Protein chains: 2
Amino acid sequence: MGLETLFSPSRVAVVGATEREGSVGRAVMTNMLDSFEGETVPVNPNAASVLGRETYPDVASVPGEVDLAVVVVPGRIAVEVVREAAEAGVGSVVVITAGFGETGSEGARRERELREVATEYDLDLVGPNSLGVVSTPAGLNATFGPENALPGNISFMSQSGAFITAVLDWANDRGIGFKDVVSLGNKAVLDERDFVEAWGADDDTDVVLGYLEGIDDGPAFIETAREVVRETPIVLVKSGRTEAGASAAASHTGTIAGSEAAYEAGLEQAGVIRAENVEELFDAASILASQPLPETDAVAVVTNAGGPGVMATDAIGDSSLSLASFTDETLSRFERALPEEANIYNPVDVIGDAPVERFAEAVDIALSDPNVGAVCVVTCPTAVLSFDDLAAAVVERQREAGLPVATCFMGGERTESARAILDEAGIPTYFDPARAIGSLETLSAYRAASEREYAEPTTFDVDRERAREVLAAGAERGDTRLGVEAMDLLSAYGIATPAGEVVSSPDAALDAAEAIDGDVVMKVVSPDILHKSDIGGVEVGVADGDVHDTYEDLVARARNYQPDATILGVQVQELLDLDAGVETIVGVNRDPQFGPLVLFGLGGIFVEVLEDTTVRVAPVSEPEATGMLDDVRAAPLLRGARGRTPVDEGSVVSTIQRLSQLVTDFPAILELDVNPLVAMPDGATAVDIRLTIDPDEL
Amino acid sequence: MGLETLFSPSRVAVVGATEREGSVGRAVMTNMLDSFEGETVPVNPNAASVLGRETYPDVASVPGEVDLAVVVVPGRIAVEVVREAAEAGVGSVVVITAGFGETGSEGARRERELREVATEYDLDLVGPNSLGVVSTPAGLNATFGPENALPGNISFMSQSGAFITAVLDWANDRGIGFKDVVSLGNKAVLDERDFVEAWGADDDTDVVLGYLEGIDDGPAFIETAREVVRETPIVLVKSGRTEAGASAAASHTGTIAGSEAAYEAGLEQAGVIRAENVEELFDAASILASQPLPETDAVAVVTNAGGPGVMATDAIGDSSLSLASFTDETLSRFERALPEEANIYNPVDVIGDAPVERFAEAVDIALSDPNVGAVCVVTCPTAVLSFDDLAAAVVERQREAGLPVATCFMGGERTESARAILDEAGIPTYFDPARAIGSLETLSAYRAASEREYAEPTTFDVDRERAREVLAAGAERGDTRLGVEAMDLLSAYGIATPAGEVVSSPDAALDAAEAIDGDVVMKVVSPDILHKSDIGGVEVGVADGDVHDTYEDLVARARNYQPDATILGVQVQELLDLDAGVETIVGVNRDPQFGPLVLFGLGGIFVEVLEDTTVRVAPVSEPEATGMLDDVRAAPLLRGARGRTPVDEGSVVSTIQRLSQLVTDFPAILELDVNPLVAMPDGATAVDIRLTIDPDEL
């Protein structure tokens, strides 16, 4: 893994170390001296020794090479201290000192300086405003928190230092251990992407956990996470999910989080498992850290109590898992092993009078069925059953079978020692069947994410130069909002549009109309008139004989509506049979963290009233674009519902990808809507376009 | 409360008591002798004494009055034993003996006999196949389970006995106490409704909890629960929610659960709080049993840690609660009480260096704001904060303010004693902010349910006789499926239909058409042809001059399609301008537990593709019918979305109620669909009807 000097230093300088009671400097020194296996050197120009250790005035004076400097000096000298440490050759710095970007413009300036120093000296810098860093293999506890972590195979990063202290206290109580723990602080230099990358390459980290309030560079994070997820699961709580939460997060950290839609899409595209709350985060971590992945999503439930078996089955029904169907051989084995009153179908009920042997044999039979991906053991206290013996039997059988197992040992004190046996063996156990099933669902979700094939986004052969001309023409006119006059953008990117053109005289309109079979649609073209239909600026089904007069009428109405409107002309367009198709919408906007987001939905009420839309971070690959069609609730309408002919989904998928390519190619396009994109059985045609551009980006 | 001899007996006979090790009879005797404050009398004709108590051959021989008989004899003699006990004058019987309805036809016969005896002697009978009954005030533990309950104010019923043993073990561990606990068993006599009623009248029960796999009589349960909920919250897990779960429950209990849609609607209409899993069940019970109800849904969050404050805010965003807006006075008070870096807006951040005094004062200020309905205190471990002192301060301030408070004391061992202080005071405390907020949401949900005004269903003045004639006419023809020929059912119940009639000759068709303004719609009427449009059996927009020929054509097409079809004639109907309205659907079917269910949705794709429907148990009151319009996602389309004129919602609401009255009046109507019911700005018109009848019910 990277970040060696941060996580595996031999010599650590604590800059600002002091003996003053209640100080952060003393807390860090104490924590380091308590557990660090390397050398801890206090640095403080005003002390000869700190806690019995010889103290140096600066990092440069420390004999031997210092790998890591932990900085706890006051804010006003922190940047200078970091520079000195860098000059003395340290590889990593943890800046615990606060009073940077989180406090206003002076702090923000200081944070920029810190970043400059880090860049100049290629420092791996954590913080500022960090609780510190823990790495258990070396006993490194460079935090000022009250707890150290137990050793384990989970690495955890958090944008909230307070949450780390809470989690460590809680995890220590439960025997949950960590490889590394990082308090990200203000993320002036190292951010979530760096740690995901380092932990992905770290053989000792089996699960990456994070509490994040924002991701700095969405696309870079997606790229890194995708690679890491092949081998190592990433589970994140992204807080500020809701409007209220996002505004609380903004006032707390001073950063503006991107839209929830962008995070939702981006994290899903990255293969990250997203936990909604703390309980989900650690339930996911526990099972991912200890159980193998299932080969199928089908679960067998084995229970000695009907009701709890039904609860577990409900939980499976609520999840993306399924109830396994046993093979005939399994059913015969159950028949032989269980009494007549038992239920041999899934959920298997071994009946309340089952001794451990019967229960364990049923678990064994379930684990041997080739249709079973995972087993959930659900048990209630009975007079004949020793929970401890059952726990030991489940542990043994899980190990032999190598399939994941989760358990509900339902009870309190009576189940305590059994739960300890299961915990020790890494088999999750909960009172509530829903949580046990939830943890198995996490395993399946991760298996799917780790196996996902990421297609490279298709690069279509497009006329980029022509697209640039269209945008430049708008920019030259001083327009930031473009409409049908920019339809050529679409043709340039290989997207079908109705035959037609924008003309600027009645005669030209007639020529255009005569070149088109049948009646035409005519629309006034003006950057100043956004809702053309509302002012009578659109005429549908104009016969050639009426084209001349219609041209005059449309322009007159536009002038009437807004005398000083810029009128670019009138668009004369082929009249499509909209009834033969399904109106869809493809839109793009830009998220501050994730860049262009592509939206898809069905037109009209589906987007406006039902909010039935789906979003992806661009660039959108073919499987991702296909997934967008699957996502919308109205998808059956594209697929022949109610006796319609199915539309050509491939053309819609291709249009989504081409638009993704267009907005990726041109950062000047801030927003874009193709509405409607009419999906028909033989293709998809973009009938109208609206976009907003930033001419400075051209 | 009712059920006095069951829950507060003075003398209890254990029929089938024995000293045999491992027997149920011994377990019940032991449990009774361990805790019961009244007299426990063993009954067994084959023993002179059991566990040192004089034993009688039958209940009649027991000196003095026996209030309750607990029956643990073998199945084949259980009915006889119950009869003897009834004859001896017992008021209540708990039948622990199994081998009844759950085991097959012989057991089912025995269960019927048991029910007959209970009816004959007016016995309050629990079971059979029950774990038993606990009532803590009298120390009654008439179960064979390994645990007794602690005293408390929660009463709990469960259709799973095993779940009771698990819950008691778990609850004892956490100090959660119960008033009564009932294992419902097969519910041969007493069922969930009886216990809800008794506990509703019981001053010692503050919360009713239940685990149910089915409700026997939905409408009766709704009626009882509605009354109880005004004073006492009811929280239920109804398992078998999902398709997989329902089928598991059916194989487990042998009963067919009704549809999940019926339970969802029925429990909501009853004001019952529904928990999805065990964790939710007890989180809800804990806060309802101990905290006052909030007066508004607005919550204040007070925290010493930004990140966890954001998590709590996200949880509020996910819930039906809102983040309280503080008054100006509150903001000034926060400003005076908190340091400059603190956040005085909600979520209030007192900053990590807050000592208990500052934290507690902030809680106090939040509790005094008139806009605040409840407070959530969220804290992480810090060096300067004593969790215990903070817990004590929160307890004191909650008591003074009388507002509900939930807390997150985030941590493990460090928070243990503080959690004990909060537990003791009945203030919920969780690690996860989402669970603390979830428990506050339960309080708000219950407040809303307890205050809900239940309107009596409107009884419209209808022509019931005419409706009966229409149904009888169909029945006489031997039809079980009726169509437009039954449109008069609707008119009889005051539902507008287009002008028109069913005629049986071309001349009559012309007369009918001439009586209608404008063109007409003509449809062939045949009980044998369900999809008339598909065979060309519908013509829309027929001018008077074409009516004669169209009649002949329609009949010919029907004959051609099915030569032996019964053709009742042709319907000649006014042609409505469907474009001016919104097509909706009102449907009815019957649920085995809940009776008629009324469904509402928008027509076409909304029901068929988007499954955007809502359901109520009939009879549907006006507020409930209005709620159905609010429920559907497409509701804005009724309310003027996309520039339409809003429809007359009152007419739709009235139609729903009238159809509810119709199907309640006529159990012979098994299913009914009015599709479309065209909702227009000036009313709603039922254009087509289809129904299935059971002639035997007429």
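The values are calculated or read from the model by the stated rules, or taken from the named source; none is laboratory data. All values reported here derive from a predicted model rather than from experimental measurement. With ideal geometry, Cβ positions are generated from the backbone for all residues, glycine too; neighbour counts draw on all protein chains shown. Side chains are part of the model used for accessible areas, which takes the heavy atoms of the whole protein and leaves out ligands, DNA and RNA. Shrake-Rupley method; radii C 1.70, N 1.55, O 1.52, S 1.80 Å.
Between residue B:49 and residue A:476, how many nm apart are label points set 7 Å from Cα along the C-beta direction?
11.5 nm
Nearest 0.05, what FRET efficiency do residue A:21 and residue A:533 give at R0 = 60 Å with Cβ-Cβ as r?
0.20
Work out how much length residue B:576 to residue B:80 would gain on full extension: take 0.36 nm times their residue separation and subtract the Cα-Cα distance, in nm to one decimal.
Between residue B:576 and residue B:80, full extension yields 171.7 nm more.
Taking only Cα atoms of segment B:441-573, what ratio of Rg to Rh do you get with Rh as the Kirkwood inverse-distance radius?
1.20
What Kirkwood radius, in Å to one decimal, follows from the Cα pairs of segment B:292-451?
Value: 15.1 Å, from the Cα pair sum.
Please identify the trypsin sites (Lys or Arg not before Pro) of segment A:367-429 that satisfy two criteria: DSSP loop assignment and at most 10 other Cβ atoms within 10 Å. Which are they?
none
For the protein assembly as shown, what is the number of Lys pairs with C-alpha distance below 17 angstrom, counting only pairs 8 or more positions apart or on separate chains? Mind showing how you got there, number by number?
On the way: A:187/A:238; A:523/A:532; B:187/B:238; B:523/B:532.
Lysine pair count for the protein assembly as shown: 4.
Once the mean 1/r over all distinct Cα pairs of the protein assembly as shown is inverted, what Kirkwood radius in angstroms do you read off?
Working: mean 1/r = 0.0276 Å⁻¹.
Its Kirkwood hydrodynamic radius stands at 36.2 Å.
What percent do you get for the relative contact order of segment A:292-451 when only Cα pairs under 8 Å and 6+ apart count? Working shown, then result.
On the way: 323 pairs, mean separation 45.2, N = 160.
The normalised contact order for segment A:292-451 reaches 28 percent.
Quote the FRET efficiency, to the nearest 0.05, computed for residue A:341 versus residue B:203 with a Förster distance R0 of 51 Å and r equal to the Cβ-Cβ distance.
Efficiency at R0 = 51 Å is approximately 0.75.
Which residue of chain B is nearest the rotation axis onto chain A, counting by its Cβ, and what is the distance in whole Å?
B:610, 4
Between residue B:564 and residue B:61, what is 0.36 nm times their sequence separation minus the Cα-Cα distance? Round to one decimal in nm.
173.6 nm
Before we go on, tell me the buried accessible area for the B/A pair, both chains summed, 1.4 Å probe, in Å² to the nearest 100.
By this definition, chains B and A bury close to 5100 Å².
If you take the square roots of the eigenvalues of the alpha-carbon gyration tensor of segment B:367-492 and sort them as a ≥ b ≥ c, do you get rounded (a/c under 1.5), prolate (a/b over b/c) or oblate?
Prolate is the answer for segment B:367-492, as a/c is 1.5 or above and a/b outweighs b/c.
I need the P(r) histogram for segment B:499-574: all alpha carbon pairs, bin width 10 Å from 0 out to the longest distance, whole percents.
Over segment B:499-574, the share of Cα pairs per 10 Å bin runs 23, 57, 19, 1 percent.
Sequence-distant or interchain residues sharing an amide H contact under 5 Å with residue B:499, placed H: which?
B:574
So what is the calculated 222 nm ellipticity per residue for the protein assembly as shown, using -39500 (n - 2.57) for each DSSP H run with n of 4 or more, over all residues, to the nearest 500 deg cm²/dmol? Don't skip to the answer; put the middle values down first.
Values: 46 runs with 541 residues, N = 1396.
Computed mean residue ellipticity for the protein assembly as shown: -12000 deg cm²/dmol.
Could you work out the relative contact order of chain A, using alpha carbon pairs under 8 angstrom and six or more residues apart, expressed as a whole percent?
Working: 1529 pairs, mean separation 57.1, N = 698.
Here the relative contact order equals 8 percent.
Can you tell me what percent of all Cα-Cα pairs in chain B are more than 38 Å apart?
On the way: 126978 of 243253 pairs.
Distances greater than 38 Å cover 52 percent of the Cα pairs.
Given H placed 1.01 Å from N in the peptide plane, which residues other than close sequence neighbours of residue A:371 have an amide H under 5 Å from its amide H?
Answer set, sorted by chain and number: A:327.
Relative to 2.2 N^0.38 Å, what does the C-alpha radius of gyration of segment B:578-697 come to as a ratio? Two decimals please.
Compactness ratio reported: 1.02.
Taking the label point as lying 7 angstrom from Cα along the Cα-to-Cβ axis, what are the distances from residue A:476 to the corresponding position in the remaining copies, in ascending order and in nanometres?
For residue A:476, the inter-copy label distances come out at 8.5 nm.
Which percent, nearest 5, of DSSP beta bridges in the protein assembly as shown are antiparallel?
Taking every DSSP beta bridge with both residues in the protein assembly as shown, the antiparallel ones total about 50 percent.
Quick one: accessible area per residue over chain A, 1.4 Å probe, rounded to a whole number of Å²?
Result: 38 Å² of accessible area for each residue.
By how many nm would the segment from residue A:469 to residue A:103 lengthen if fully extended, with 0.36 nm per residue of separation less the alpha-carbon distance?
Length gained, residue A:469 through residue A:103: 127.2 nm.
Write down the Å³ per residue value for the convex hull defined by the alpha carbon atoms of segment A:616-665.
Here the figure is 62 Å³ per residue.
Taking all pairs of different Cα atoms in segment A:4-288, averaging 1/r and flipping that mean, what Kirkwood radius in angstroms comes out? Walk me through the numbers on the way to the answer.
Numbers: mean 1/r = 0.0528 Å⁻¹.
For segment A:4-288, the Kirkwood estimate is 18.9 Å.
Do any residues of segment B:411-426 show a loss of at least 50 square angstrom of accessible area between the isolated chain and the full protein assembly, using a 1.4 Å probe, and if so which?
Correct list: B:414.
I'd like the antiparallel share, as a percent to the nearest 5, of DSSP beta bridges with both residues in segment B:235-383.
Among the beta bridges of segment B:235-383, antiparallel pairing accounts for roughly 10 percent.
Using a simple spin-label model with points 7 Å from Cα along the Cα→Cβ vector, what separation in nm is obtained for residue A:448 and residue B:8?
5.6 nm
Among bridges DSSP assigns within chain A, what percent are antiparallel (round to 5)?
50 percent
Averaged across A:273-279, how many Cβ atoms of other chains sit within 10 Å of each residue's Cβ atom? All intermediate terms of the calculation are to be shown ahead of the outcome.
Values: counts 0, 0, 0, 6, 11, 10, 6.
That works out to 5 on average.
Cα centroids of segment B:429-480 and segment B:294-329: how far apart, whole angstrom?
The two parts, judged by their Cα centres, are 32 Å apart.
Distances in nm, one decimal, shortest first, from residue A:20 to the same residue in every other copy, taking the label point 7 angstrom along Cα→Cβ.
The projected label point of residue A:20 is separated from its counterparts by 7.9 nm.
What whole-number distance in Å separates the alpha-carbon centres of segment A:557-624 and segment B:355-395?
50 Å
Given H placed 1.01 Å from N in the peptide plane, which residues other than close sequence neighbours of residue B:152 have an amide H under 5 Å from its amide H?
B:178, B:179
How many angstrom lie between the C-alpha centres of segment A:188-251 and segment A:501-556?
52 Å
Expressed as a whole percentage, what fraction of the accessible surface of the protein assembly as shown belongs to carbon and sulfur atoms when a 1.4 Å probe is rolled over the protein heavy atoms? Please list the in-between numbers first.
Values: 23210 of 53170 Å².
Of all accessible area on the protein assembly as shown, carbon and sulfur atoms account for 44 percent.
Taking each label point as 7 Å beyond Cα in the direction of the beta carbon, state the distances from residue A:150 to the same residue in the other copies, shortest first, in nm.
Here residue A:150 shows inter-copy label distances of 2.6 nm.
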